[in-house]
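Here is the structure we will look at.
Values quoted throughout were computed directly from the atomic coordinates according to the rules given, and no laboratory measurement underlies them. Since this is a predicted model, take the numbers as computed values, not measurements. FYI the Cβ positions are ideal-geometry reconstructions off the backbone, even for glycines, and counts take in every protein chain you see.
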Amino acid sequence: YKKTGKSAKDLNKNGGAAERRRVWIQGRFRKPIDAAEENKSHEMSIGCIDDYSATTCRRWDNYYSTLATVKSSELPSNLFQIFPNEFSPWQSLMKQQKKGKSQNVQPLEPPYTASDNVAIVDLGCGLGNTSLLNLIQTLQQHQTGDEVSPKVNAHFLDISGEAIRQLCNDERYQSGIASDSVASYVYDVRQPLKIPTHLEQSVDIVLLLFAMSAIGPYECDDMSNAVTNAIKMLKPGGVILFRDYGRYDDDQLQLNSVSGAQICNNFYLRGVDGDGEEATVRNRLELGTGCYFFELDEVKVMFAGLEVLQLEFTTRTYKKTGKS
């Protein structure tokens with residue numbers, strides 16, 4: 001207290017103000033984690049990941065079987081906009097206009113020419129990338145013998161037999177059968193050193209679009225096997241085009257509030273609904289698909305050994321419309 005000539009009693013009585021210096025002590029203290037408990041928690045996470053991995057095929061078959069009856073969020077899939085360098089040879093054919101800000105990417109060298117036959121693998125294709133299927137159909141419709149755009153030989157690979165079945169019924173896919181420019185396979189990219197022989201070191205472009213996040217955490221064996229297989233498909237100079245969920249995406253923030261959705265750090269089971277304990281157990285064993293949310297450094301580690309042409313966060317803000 002600063003001396004004022006008045007006692008503290010007089011100050012309080014007369015409503016006077018004295019200068020005061022407040023002193024607090026703040027601390028944060030944590031009890032050491034018992035090694036046995038830490039290992040138990042780690043083993044539980046590993047067990048949950050193993051259980052998910054063992055049921056992945058069935059989960060995705062169930063997902064695509066019920067896709068027509070559930071609401072599926074639309075993900076950015078226009079290859080001519082999100083990967084303009086690699087798909088520039090077909091821009092004029094598809095009459096696509098580049099939108100948005102120019103991306104800071106290293107130009108692809110050398111560019112494909114009209115005489116090239118570009119091999120593209122849609123890995124974890126699901127029902128097939130819309131832009132790629134549209135391109136296949138357009139190329140088939142514009143065969144004149146004097147093509148100005150490179151030919152495309154597209155391979156669609158997915159773990160779900162149901163997804164491949166539905167893809168083969170797509171009229172755009174069927175248009176590619178006539179020109180022998182498409183093929184599809186039920187394929188588990190997680191299997192170590194296992195790729196179709198005719199695709200080994202023969203692919204120009206491997207698409208990984210919201211596919212790797214469904215495998216598991218970036219450091220798990222399944223993820224490592226998948227990346228190795230994808231790289232082995234590339235011919236020298238071939239490129240992997242990767243887009244997937246980033247850390248703190250709105251989906252992750254929402255999943256954090258869903259009870260039982262988190263399998264381990266940043267890896268979640270989504271699309272699971274049910275009433276009662278029995279339904280919840282069944283759903284967790286048979287339904288729902290996994291989703292991991294990546295950091296940039298993790299993706300860089302995953303593709304170590306490849307030249308990085310572009311690696312950055314891409315953000316998009318959606319505004320709600322109408323009445324809530």
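Give, as a single signed number, the net charge of other residues whose beta carbon lies under 14 Å from the beta carbon of VAL308, with Lys and Arg counted +1 and Asp and Glu -1.
Result for the neighbourhood of VAL308: -3.
Would you work out if segment 131-201 is rounded, prolate or oblate? Take a ≥ b ≥ c from the square roots of the eigenvalues of the alpha-carbon gyration tensor; rounded if a/c is under 1.5, else prolate when a/b is larger than b/c, oblate otherwise.
Here segment 131-201 falls in the oblate category.
Cα-Cα over 23 Å: which of LYS95/LYS300; LYS151/LYS194; LYS151/LYS300; LYS235/LYS300; LYS95/LYS235?
As for pairs spanning more than 23 Å Cα to Cα, those are LYS95/LYS300; LYS151/LYS194; LYS151/LYS300; LYS95/LYS235.
For ILE231 and TYR248 in one chain, what is 0.36 nm times their gap in residues minus the Cα-Cα distance, to one decimal in nm?
Once the chain is fully extended between ILE231 and TYR248, it gains 3.4 nm.
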